[in-house]
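Peer 1: Below are the structure tokens for one structure; questions will follow.
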Amino acid sequence: MAVPRPSALGWKAVTDPGMLLAVAAFCLGIFHLAVVSGLLQMSTLPMRIIHLALAFSLLFAIKPLSQSTAGSRLDLGVRLGLILAILGASWWMLTRWKAIAFSGGMTEPGDFWAGLVILVVVFEAARRGIGLILACIALLFFSYAFVSPWLPGVLEGRGYSLERMVLFLTTDTAGVYGIPVGVAATYIIVFTIFGALLSNFGAGEFFFEVSMRATRGLRAASAKSAVLFSTLIGMVSGSAAGNVAVTGVVTIPMMKREGYAPHQAGAVEAVASTGGQLMPPVMGAAAFIMAEIVGVPYTQVMATAILPALLFFASAFFIVHLQAVKSDIQPTTEGTGDDRSLSLVLWQGLPFIAAFVTLIVLMLWGYSPFKASLWAMAALLGGDLVIRRKIDRDYLARIATGVSEGARGVVTISAACAAAGVIAGTLGITGLGSKIALLIETASGGWLLLALLFTMITSIILGMGLPTTAAYLILATVVAPALVKLGVPTLTAHFFVFYYGCISTITPPVALAAYVAGGIAGADVNKVGWTAAAYAITSFVLPFAFVLAPALTLHGGLVENTMAVITGFAGIGAVAVGVVGCLTHRLSAPLRAVALLAGGCLLFQGWLSALIGVGLMAVVFVADRRVLQTKEI
């Protein structure tokens, strides 16, 4: 929600609920910017306690008890009660954390009651912020501590009292106030503010104009610009469905005018928007959490993600191009941007270029991601001053709006992180995590490929009903350790579940990004979902490929990495030919199958498989060429 300009302020504006929420969110954002910049020195636990108290208060003020009771006295009373409860319990913890820490964990009755209030609030915040699914999953894991003595087989445990669980999860950094909440209070909130500032200063328009000029005059220009535009926006939005809602209203009508069927235009937009979460330097919020959980620099996560992201991006380009060839869509100059020259567009977009260059360079120099993002914000604001050469009310209002919107963007993520802390803490104290890993290992018979298949299915199912961040947090604590136990490198195992959590938004039957795209395109949402899944079929294979062939994440030697780049792009091109059923002409079903098999051989690294893939694709090329020669005759 935008912060009104100072000239519009009055008593009525100040007392407006929307204005109060915007101001509260602005204060939350300023608090965290002060903490991460070092202007405000604070220990880890109190900072996380304050963050959760403020974020939950804002969440309860924004989200009603239910849609049917929104605005009623019951709703307002429950909201106020929850806000007072989390603020009071958090204040108690702030006054007690030092005594508990310095005494070696000695607690008193008040700690239990405050902790119990915090846990109840966490479950309700997860329900309101993310949905009933996450709240039920967190509650299910929490209840294991009490029912484990009566469970059969490997799931049997010693059991714990309610007091023991509450104190463990709320008085230390192993539960609610664990790594996920810590990441939300540092990395994620800073980057959501960075993304909101980019949006408020016009990055979306700049990305659109650059995308249109980069694809001008090409076949399927509108679809290719949609892929590029949606990927650029997705880098800073972190939400596939939200990205579709922002970019789809522009790109989908353009594709329909160019000749794409409505369900095809919606599918292209859904796929492109999903890929934005995988593209460095600013990936989805889950990527920052991954870096902290795995214990590696964020730059290493970026390095691991770069080739799979480029392959995803190239796959979407191949798909839209081949679909245009198949549908005989000719190059057009319609809707290719305004009359400004490319040099003028780049000059006016200097603040955004400077921001991204600053961000990338500083992270490569070893700066922490949130420190680098602070300097990137400074580059953005300074660059805007260079272009506009004035500080006025509009400039200050855009800053205030960006900070406020960025802070609001983190409140639901914080709810997911707190719920994930409950799950992780329960897994740790009860030993359930190692038991689940043992179950996966036993069910797969120790066969890695089968364990990966189980993990993929679990990741997609969870991702259907949860945002990427929430799905990843659960999978990272429950499933990823099982892959590590089977010999998969820790970062690769976490990236495997993260990847499937992202593409679950275009996986039917519950494909959130496809649903939004279908609504904009005026097409059947299920048809859009299945078409999007077909267009992104390479994405369902890639995670298996980079687990079995580390060079696809650039973790091999020079020769292996070079080969991975070449065969990777060739492989996704072959898969695209098989999916669309066209090279320069329509292909028969057997030839499509050959192209798909060739793509699979090329993606799974190895000299023999690469030669087989090249040979199979040569068959497709020869057959396509014969069709062309026949038509010429």
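A short reminder: the numbers here are calculations on the coordinates, not readings from a lab. Predicted, not measured: the structure shown is a model, and the values here were computed from it. For neighbour counting, all protein chains shown are included, and Cβ atoms are generated from backbone atoms with ideal geometry for every residue, glycine included.
Peer 1: Which residue, chosen from 455, 33, 169, occupies the Cα position most advanced towards the positive end of the dipole of the chain, where the dipole is computed from +1 (Lys, Arg) and -1 (Asp, Glu) charges on Cβ about the Cα centre?
Peer 2: With unit charges placed on the Cβ atoms, the residue in question is 33.
Peer 1: If you don't mind, another one. Any chance you could run the full-extension gain for residue 560 through residue 353? It's 0.36 nm times the residue separation minus the Cα-Cα distance, nm to one decimal.
Peer 2: 71.2 nm
Peer 1: If I fit a long axis through the Cα atoms of helix 44-62 and take the longest principal axis of the Cα atoms of the chain, what angle between them do I get, 0 to 90°, rounded to 10?
Peer 2: 80
Peer 1: Which residue, chosen from 203, 182, 248, occupies the Cα position most advanced towards the positive end of the dipole of the range 173-313, where the dipole is computed from +1 (Lys, Arg) and -1 (Asp, Glu) charges on Cβ about the Cα centre?
Peer 2: Of 203, 182, 248, it is 248.
Peer 1: Residue 66: net charge of surrounding residues, Cβ under 15 Å, Lys/Arg +1, Asp/Glu -1, itself excluded?
Peer 2: Overall, the nearby charge balance is +3.
Peer 1: Of all alpha-carbon pairs in the chain, indicate the percentage at a distance above 33 angstrom.
Peer 2: Percent of Cα pairs beyond 33 Å in the chain: 49.
Peer 1: Determine the gain in length on full extension of the stretch residue 120-residue 378; use 0.36 nm per residue of separation and subtract their C-alpha separation, reporting nm with one decimal.
Peer 2: That works out to 88.9 nm of additional length.
Peer 1: Shifting gears a bit: Using the alpha-carbon atoms, what tilt in degrees (0 to 90, nearest 10) does helix 558-580 show relative to the longest principal axis of the chain?
Peer 2: With both axes taken from Cα atoms, the answer is about 70 degrees.
Peer 1: At most 13 other Cβ atoms within 10 Å and a DSSP loop assignment: could you name the trypsin sites (Lys or Arg not before Pro) in the range 155-260 that fit?
Peer 2: Answer in residue order: 158.
Peer 1: Can you give the angle from 0 to 90° between the axis of helix 203-214 and the longest principal axis of the chain, with both taken from C-alpha atoms, to the nearest 10?
Peer 2: Compared with the principal axis, the helix lies near 10 degrees.
Peer 1: Under a plain spin-label model, where a point goes 7 Å from the Cα along Cα-to-Cβ, how far apart in nm are residue 214 and residue 257?
Peer 2: 2.1
Peer 1: Any idea how far apart residue 540 and residue 96 come out in nm if each label point goes 7 Å out from Cα toward Cβ?
Peer 2: The modelled label-to-label distance comes out at 5.0 nm.
Peer 1: Between the range 413-438 and the range 91-123, how far is it from one alpha carbon centroid to the other, in angstrom?
Peer 2: If we compute the Cα centre of each part, the gap is 20 Å.
Peer 1: Just add up the charged neighbours of residue 85: K/R +1, D/E -1, any other residue whose Cβ is under 12 Å from the Cβ of residue 85.
Peer 2: 0
Peer 1: While we're here: So what is the calculated 222 nm ellipticity per residue for the chain, using -39500 (n - 2.57) for each DSSP H run with n of 4 or more, over all residues, to the nearest 500 deg cm²/dmol?
Peer 2: So the helix-based figure for the chain works out to -25000 deg cm²/dmol.
Peer 1: If you don't mind, there's one more thing I want to ask. What ranking do 244-251, 36-43 get when scored by the average of other Cβ atoms within 10 Å per residue, highest first?
Peer 2: Packing order, densest peptide first, comes out as 244-251, 36-43.
Peer 1: If you don't mind, there's one more thing I want to ask. Could you check the simple spin-label distance between residue 450 and residue 548, using points 7 Å along Cα→Cβ, in nm with one decimal?
Peer 2: Rounded to a tenth, the inter-label distance reads 1.6 nm.
Peer 1: Scattering from the C-alpha atoms of the range 95-174 alone, worked out with Debye: what is log10 I(q)/I(0) at q = 0.11, 0.13, 0.27 1/Å?
Peer 2: -0.36, -0.50, -1.19
Peer 1: Report, in debye and to the nearest 20, how large the dipole of the chain comes out about its Cα centre when Lys and Arg carry +1 and Asp and Glu carry -1 on their Cβ.
Peer 2: That gives a dipole near 480 debye.
Peer 1: Going highest first, how would you order 554-561, 118-125, 301-308, 431-438 by mean Cβ packing within 10 Å?
Peer 2: Final packing ranking: 118-125, 301-308, 431-438, 554-561.
Peer 1: Once you have the Cα-Cα distance between residue 626 and residue 164, take 0.36 nm times their residue separation minus that, and quote the gain in nm to one decimal. It would help to have the intermediate numbers written out before the result.
Peer 2: On the way: separation 462, 0.36 × 462 = 166.32 nm, distance 7.43 nm.
Length gained between residue 626 and residue 164: 158.9 nm.
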